[in-house]
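A short worksheet on the structure shown next.
The values are calculated or read from the model by the stated rules, or taken from the named source; none is laboratory data. These numbers were taken from a predicted model, which means no experiment stands behind them. No Cβ is skipped: glycine too gets one built from the backbone with ideal geometry, and neighbour counts run over all protein chains shown. Calculation scope for accessible area: heavy atoms of the full protein, side chains included, ligands and nucleic acids excluded. Shrake-Rupley method; radii C 1.70, N 1.55, O 1.52, S 1.80 Å.
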Amino acid sequence: MYKRKQFKKIITRLSEPRKFIQVLMGPRQVGKSTLVKQVLQEIAIPYQLFLADDIPATQSNWISDCWNQVRLLQKTQHLSEMILVIDEIQKINNWSERVKREWDYDSYNDINIKVLLLGSSRVLLEKGLSDSMQGRYEEIRLGHWSYNEMKEAFNMSIEQYIYYGGYPGAANLIKDEERWYDYISSSIIDATINKDILQNTIVSKPALLKQTFELSSAYSGEILSLTKMLGQLQDAGNTTTLSSYLSLLSQSGLVTGLQKYANDLSRRRASIPKYQVFNNALKNKFLSSDFNQAISDRKLWGRIYESAVGCHLINESFVHKYELTYWRDGNNEVDFVLRKRNKLIAIEVKSNGEHDTKGLHEFQERFHPDASIIVGMNGIPVETFLDMDLSEL
């Protein structure tokens, strides 16, 4: 079975002396549970695995019960160390307070239980971590599958990856597009919105949240003001509501709104968003064209192509904590701007043989990026770029 590159990182951290809680976070259906099962089969340390999925949210005592079970096993079997794994931890109310209490108890009493927590709702995980767990944990971020991973695991072509995206559970369904559509709808979209967002967050207009997702996903790779989006939605409310819903969708790993690059942070926050899905399946699920029709439509394929490059960038940004924006001034535009600390990279996507790089040159003159890259025609081939570790840039 294919092992993602985070496999070795988790093995290494769990093999080290107990120091931090390990938190594996990422969106639905990217293989978090499968990866952890692979780790537990490989590692020589005894473990206990618990799933919070079917536990009532109010039963925070359940976490203590899991912990006590592991303590008892360790004591009765005279084990020097054990691993406690809890999957979907964010579903339990006040989970972080309970975890903090049990972890601190073990630390005080020199009980060598190592802890690995998994969660698919980034918003609930990060809230709990920031509320109570400072100094006690390390994150391991798992993004959507890259082109290289889908190629190695499922023999996907670059064109298939650009259209169908990087969900491993859907890879074997692409020959039957109706089944593929159903999987993306039920296992990804509905599950994320209904379980990860609506069950755990107060949303005054659930129908509007779903419409916001559909429209922003369909516009992935394009710039559209929230005001113009309001005109296409029913019962739309105001731009503040729309912005908050887009934030929830972003924190759940579905779709985000990229800000315009500017040196002034306030100008970035006030900018018109450029919509970007985290996985191209979420954009192309709403197309009226199937794979063969899309690939033969040059204009449509260009939009899908740019969105696929954006997917790679937004997932790398999530995993490695980069800042991803775009830039536009009048008719001059740069598709993506990648930033970490004092490093700045401008990225322009050319899918149909366009030669105009005026926007890229203007950006270079104004902001002096460390590198400027063209992806596609007359630049780095897209299959090469989607294989790249962006930290090397």
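What are the residues in the stretch 190-208 that are buried (at least 20 other Cβ atoms within 10 Å of the Cβ) and at pLDDT 90 or above, if any?
Listed by number, the residues that qualify are T192, I193.
Considering only the stretch 161-183, I want to know if a residue exists there that is assigned to a helix (DSSP H, G or I), surrounded by fewer than 18 Cβ atoms within 10 Å (Cβ to Cβ), among the hydrophobic types (A, V, I, L, M, F, W, C) and touching a residue at least 60 places away in the same chain (Cβ under 8 Å).
no
Test S186 against the criterion of being open to solvent by 40 Å² or more (accessible area, probe 1.4 Å), closer than 19 Å to G26 by Cα and hydroxyl-bearing (S, T, Y), and give yes or no. Explain how you work it out, then say what you get.
Working: open to solvent by 40 Å² or more (accessible area, probe 1.4 Å): yes; closer than 19 Å to G26 by Cα: yes; hydroxyl-bearing (S, T, Y): yes.
Here the answer is yes, as S186 does meet what is asked.
Return the total of residues in the stretch 63-94 being within 23 Å of L198 (Cα to Cα), assigned to a helix (DSSP H, G or I) and of a type outside the set (V, I, T).
Matching residues across the stretch 63-94 total 2.
Among the candidates R366, R303, R339, single out the residue that is touching a Leu at 6+ places or on another chain (Cβ under 9 Å) and charged (D, E, K, R).
Values: R366 fails: touching a Leu at 6+ places or on another chain (Cβ under 9 Å); R303 fails: touching a Leu at 6+ places or on another chain (Cβ under 9 Å).
Result of the check over R366, R303, R339: R339.
Given the stretch 269-377, what helices (runs of 4 or more DSSP H) lie entirely inside it while holding 3 or more residues that are at negative phi and surrounded by 20 or more Cβ atoms within 10 Å (Cβ to Cβ)?
281-284, 298-320
What are the residues in the stretch 1-36 that are in contact (Cβ under 8 Å) with a residue 40 or more places away in the chain, open to solvent by 50 Å² or more (accessible area, probe 1.4 Å) and over 22 Å from D65 (Cβ atoms), if any?
Y2, K9, R13, F20, Q29
Being under 26 Å from T201 (Cβ atoms) and open to solvent by less than 70 Å² (accessible area, probe 1.4 Å) narrows it down to one of V70, V99, V39, so name that one.
Answer to the check: V99.
How about the stretch 209-241: which of its residues are charged (D, E, K, R) and either crowded, with 17+ Cβ neighbours inside 10 Å or over 21 Å from the mean Cα position of the chain (by Cα) (or both)? Working first, answer last.
Residues of the stretch 209-241 charged (D, E, K, R): 210, 214, 222, 228, 235.
Of everything in the stretch 209-241, those that are charged (D, E, K, R) and either crowded, with 17+ Cβ neighbours inside 10 Å or over 21 Å from the mean Cα position of the chain (by Cα) (or both) turn out to be K210, K228, D235.
Would you check which residues across the stretch 132-152 are open to solvent by less than 40 Å² (accessible area, probe 1.4 Å) and farther than 30 Å from R101 by Cα and list them?
H144, W145, S146, Y147, E149, M150
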